[in-house]
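This report refers to the structure that appears directly beneath it.
The values are calculated or read from the model by the stated rules, or taken from the named source; none is laboratory data. These numbers were taken from a predicted model, which means no experiment stands behind them. Heads up, the Cβs are rebuilt from the backbone with ideal geometry, glycines too, and the neighbour counts pull from every protein chain shown. Quick note on the areas: whole protein, heavy atoms, side chains included, nothing else; ligands and nucleic acids left out. Shrake-Rupley method; radii C 1.70, N 1.55, O 1.52, S 1.80 Å.
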Amino acid sequence: MPELQRLRADHAPALLAFERENRAWFARTISDRGDAYFADFPARHRALLTYQDGGTDHFHVLVADDATTILGRFNLMDITDGQAELGFRMAESATGRGLATEAARTVCHLAATTYALTSLRAQANLDNLASHTVLTRTGFTATEQTVLRNGTAGRRYVKELAGPEEGAAGAIGAAGL
C-alpha cells in the first residue's frame, strides 16, 4: 500500500523524476512549471524544506510500495490564521485507483489533527475533472467559478475542518509526520 510521507531532503531525486516523467501529463490540466523549475530544482527543494521547517507550509509525497517511486504530491501551503491551500498532483500511472482521494483524506486529517488547521482552500481548472472529483469526495464545497493564477477558468473550493476529531485518515498510512 502506498504511504504518505512528509517531504524530506532525500526525496529530491525521486521527486524530480516524478515531475519530469509526468510533465506532459500535468500540462494537460494545469500550467506547466517551465524549464527554470527543472534547472533550479535542487535550490527549490531546499527552499520547500525551509518553508516546512518554518511552519508556513507542509509538503507530502505519496510513495509507492517500492519505497522509492513517488506517485503524488499533497501540499498544504500559505498557512495563515489556521487556514491553508491544498494542492496536489498525481502521476499518470497512479490515476483511476482512488489513491488521490485517499491521500487527500489523509492530508485533511493531518491538517486538523497534526497541524491544527481549521479550514482548507483549493482550486482546480474547470477541465480538470479528476481534481474536482477528489475535492468533492473529500468534503470540499465549490464556492465560485473564477480565473485562476495560471489564467485559465477554474473553480475554488473550501473545507471546514472539524478539529482533532476530523475523519479517519483513510486507507493510506502516513509516516514520518
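Take the eigenvalues of the Cα gyration tensor for the chain, scale each by 5, and report the square roots as semi-axes in whole Å, largest first.
Gyration-tensor ellipsoid for the chain: 22, 20, 17 Å.
Say we join alpha carbon atoms closer than 10 Å with springs in a Gaussian network model of the chain; which of LEU62, LEU16, LEU117 then has the biggest fluctuation?
Top of the fluctuation ranking is LEU16.
Can you compute the modelled spin-label distance between ALA9 and THR80, with each label point 7 Å from Cα toward Cβ, in nm?
For the pair ALA9/THR80, the computed spacing is 3.1 nm.
Taking amide hydrogens as modeled 1.01 Å from N in the peptide plane, which residues meet the under 5 Å criterion relative to LEU161, leaving out close sequence neighbours?
Amide H to amide H, under 5 Å and 5 or more residues apart or across chains, LEU161 pairs with SER119, LEU120.
Output ³J(HN,Hα) for segment 46-62: one whole-Hz value per residue in order, computed from phi by the Karplus curve 6.51 cos²θ - 1.76 cosθ + 1.60 with θ = phi - 60°, and x for Gly and Pro.
Once rounded to whole Hz, the list reads 4, 5, 4, 5, 5, 4, 4, 4, x, x, 8, 8, 9, 10, 9, 10, 9.
Computing the accessible area with a 1.4 Å probe over protein heavy atoms, can you report the carbon and sulfur percentage for the chain?
Percent of accessible area from carbon and sulfur atoms in the chain: 51.
Could you tell me the relative contact order of the chain? Use alpha-carbon pairs under 8 Å, at least six residues apart, and round to a whole percent.
Averaging sequence separation for qualifying contacts and normalising by length gives 24 percent for the chain.
Hey, rough spin-label estimate for ARG97 and LEU126, points 7 angstrom out along Cα→Cβ, what's it come to in nanometres?
Computed distance between label sites ARG97 and LEU126 equals 3.3 nm.
When a/c is below 1.5 the answer is rounded, else prolate if a/b is larger than b/c, else oblate, so apply that to segment 1-54 with a ≥ b ≥ c taken from the square roots of the Cα gyration tensor eigenvalues.
oblate
Can you tell me which of 105-113, 39-47 comes out highest on packing, and rank the rest after it, using the mean Cβ neighbours within 10 Å?
The most tightly packed comes first, giving 105-113, 39-47.
Which of the three applies to segment 47-94, rounded, prolate or oblate, going by the alpha-carbon gyration tensor with a ≥ b ≥ c and a/c under 1.5 meaning rounded?
prolate
Can you tell me the FRET efficiency between ASP35 and ALA67 if r is taken as the Cβ-Cβ distance and R0 is 45 Å, rounded to the nearest 0.05?
So, using R0 = 45 Å, E works out to roughly 0.90.
Report the label-to-label distance for TYR115 and ALA27 in nanometres (one decimal), using points 7 Å from each Cα along the Cα→Cβ vector.
Result: 2.9 nm between the two label points.
Only Cα pairs within less than 10 Å get springs; with that Gaussian network setup on the chain, which residue of VAL147, VAL61, VAL134 has the largest fluctuation?
VAL147
How large is the charge dipole for segment 33-103, taken about the Cα centre, if only the Cβ atoms of Lys, Arg (+1) and Asp, Glu (-1) carry charge, to the nearest 20 debye?
Magnitude of the dipole: close to 140 debye.
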